[in-house]
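Student: Sharing a structure with you now.
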Amino acid sequence: MATDVVGVRIPLRTAGHDMRAVKVVLHREMLRFVNDRTRMLSMLIQPVLWLFVMGTGLGSLAQGAIPGIDFRTFMYPGMIAMTVIMTAMFSAGSIVWDREFGFLREMLVAPVSRGAIVVGKCLGGSVVAVGQGVVILAMAGLVGVPYDPALMLTLLAEMFLAAFTITAFGVTLAARMKNMQTFFGLMQMAIMPMMFLSGAMFPLANLPSWLHVLTTVNPLTYAVDPMRQAVFSRLDVPPEVDATLNPGVSWFGWQVPVPLELGLVALMGAVLLGVAIVQFRRSD
């Protein structure tokens, strides 16, 4: 007796499918973050402590050296960067969690491009990180930073660019990892030195030559400095204080302009996104 064969039609991968996949992954990242109140709170506590506790303590020591400005005002752009970067990395780390629980395999066998999944993940991590950074942005008045609309929009754009690049970096690291412990260990080893060497917590002026070289080759320096340049452009501080706290980044005596710094961050983000997509296409 002949057996009827039922045909199975696999949907074609189209640009529309990929765009919907990006939207779904982005939406899932936002829902995951909003529903995790503990994570939201923990991501805020550290920069707030650095800004209002350590900033106040260090400000009492530097008060005579930097007249006319609160040291917490100097630290403010660095704390925005810290909040955005840490949140972006934790968002990227959820890939490892999805792999452990099998959800990642379900996404990878879906009839959509794996590149769309990576783009959705990076956009979702960026939006979540910027949302977290907005809370720090709202504290601007507490540390002497004006609520200038142009400044707020500039910081939002720079926050998104930094968040996208860091999320792409995190996705690249997480693409092949099997457990969360390995990812977080590697994240701490990679991100913390980069954060400390970015100028987020100390001025880049008058550094020893070896430390100046490390800050110059550190990618995060080019994400933090544009934020500080934007903040200081709206402040009325003595020129000597501005030269001490906001010297910018220099290559062999030439000060790197902010558009070039942002271009370097965008280029790194694009390269890391490409690497992350290649990693996902090779993963099982």
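The values are calculated or read from the model by the stated rules, or taken from the named source; none is laboratory data. No experiment lies behind these values; they were computed from the predicted model shown. Note that we place each Cβ from the backbone using ideal geometry, even for glycine, and neighbour counts take in every protein chain shown.
Student: Identify all residues within region 143-162 that are surrounded by 19 or more Cβ atoms within 10 Å (Cβ to Cβ) and charged (D, E, K, R); write none if there are none.
Tutor: Glu158
Student: Taking region 141-181 on its own, how many of its residues are within 20 Å of Arg99 (Cα to Cα) and free of Cβ contacts under 8 Å to residues at least 60 places away in the same chain?
Tutor: 1
Student: So which residues in region 86-107 are among the small types (Gly, Ala, Ser) and either surrounded by 21 or more Cβ atoms within 10 Å (Cβ to Cβ) or modelled with pLDDT of 75 or more (or both), if there are any at all? Before you say what the answer is, go through the steps one by one.
Tutor: At the first step, the residues of region 86-107 found to be among the small types (Gly, Ala, Ser) are 88, 91-94, 102.
Once the filter is applied, which keeps residues that are among the small types (Gly, Ala, Ser) and either surrounded by 21 or more Cβ atoms within 10 Å (Cβ to Cβ) or modelled with pLDDT of 75 or more (or both), region 86-107 yields Ala88, Ser91, Ala92, Gly93, Ser94.
Student: In this structure, is Val224 at negative phi, modelled with pLDDT of 85 or more and touching a strand residue (DSSP E or B) at 6+ places or on another chain (Cβ under 8 Å)? Can you show your working first?
Tutor: Numbers: at negative phi: yes; modelled with pLDDT of 85 or more: yes; touching a strand residue (DSSP E or B) at 6+ places or on another chain (Cβ under 8 Å): no.
Here the answer is no, as Val224 does not meet what is asked.
Student: Okay, moving on. Have a look at Thr216, Thr165 and point out the one that is assigned to a helix (DSSP H, G or I), surrounded by fewer than 19 Cβ atoms within 10 Å (Cβ to Cβ) and modelled with pLDDT of 85 or more.
Tutor: Values: Thr165 fails: surrounded by fewer than 19 Cβ atoms within 10 Å (Cβ to Cβ).
Checking each option against the conditions leaves just Thr216.
Student: Quick check, is Val231 touching a strand residue (DSSP E or B) at 6+ places or on another chain (Cβ under 8 Å), surrounded by 15 or more Cβ atoms within 10 Å (Cβ to Cβ), in contact (Cβ under 8 Å) with a residue 40 or more places away in the chain and within 23 Å of Phe71 (Cα to Cα)? Break it down stepwise before answering.
Tutor: Numbers: touching a strand residue (DSSP E or B) at 6+ places or on another chain (Cβ under 8 Å): no; surrounded by 15 or more Cβ atoms within 10 Å (Cβ to Cβ): yes; in contact (Cβ under 8 Å) with a residue 40 or more places away in the chain: yes; within 23 Å of Phe71 (Cα to Cα): yes.
Criteria not met by Val231.
Student: Can I ask one more? Which one is surrounded by the fewest Cβ atoms within 10 Å (Cβ to Cβ), of the residues in region 236-262 that are touching a helix residue (DSSP H, G or I) at 6+ places or on another chain (Cβ under 7 Å), part of a loop (DSSP other than H, G, I, E, B) and at pLDDT below 90?
Tutor: Gly248
Student: Also, I was wondering about something else. Among the numbered criteria (1) more than 21 Å from the chain's Cα centre (by Cα); (2) acidic (Asp, Glu); (3) modelled with pLDDT of 75 or more, which one does Glu29 miss?
Tutor: All conditions are met except number (1).
Student: State all residues of region 187-213 that are more than 23 Å from Phe71 (Cα to Cα) and surrounded by 14 or more Cβ atoms within 10 Å (Cβ to Cβ); if no residue qualifies, say none. Walk me through it before giving the result.
Tutor: Step one: of region 187-213, the residues more than 23 Å from Phe71 (Cα to Cα) are 187-191, 209-210, 213.
Within region 187-213, Met187, Ala190, Ile191 meet the criteria.
Student: Something else now. Among the residues of region 263-275, write down those that are more than 14 Å from Ala163 (Cβ to Cβ) and under 16 Å from the mean Cα position of the chain (by Cα). Give the derivation first.
Tutor: Filtering region 263-275 for residues more than 14 Å from Ala163 (Cβ to Cβ) gives 263-264, 267, 270-271, 274-275.
The answer is Gly263, Leu264, Leu267, Ala270, Val271.
Student: Also: What about Ala140, is it crowded, with 22+ Cβ neighbours inside 10 Å and at pLDDT 85 or above?
Tutor: On the way: crowded, with 22+ Cβ neighbours inside 10 Å: no; at pLDDT 85 or above: yes.
Judged against the criteria, Ala140 is not a match.
Student: For region 52-74, does any single residue satisfy the condition of being surrounded by 17 or more Cβ atoms within 10 Å (Cβ to Cβ), assigned to a helix (DSSP H, G or I), at pLDDT below 75 and under 25 Å from the mean Cα position of the chain (by Cα)?
Tutor: No, region 52-74 contains no residue that is surrounded by 17 or more Cβ atoms within 10 Å (Cβ to Cβ), assigned to a helix (DSSP H, G or I), at pLDDT below 75 and under 25 Å from the mean Cα position of the chain (by Cα).
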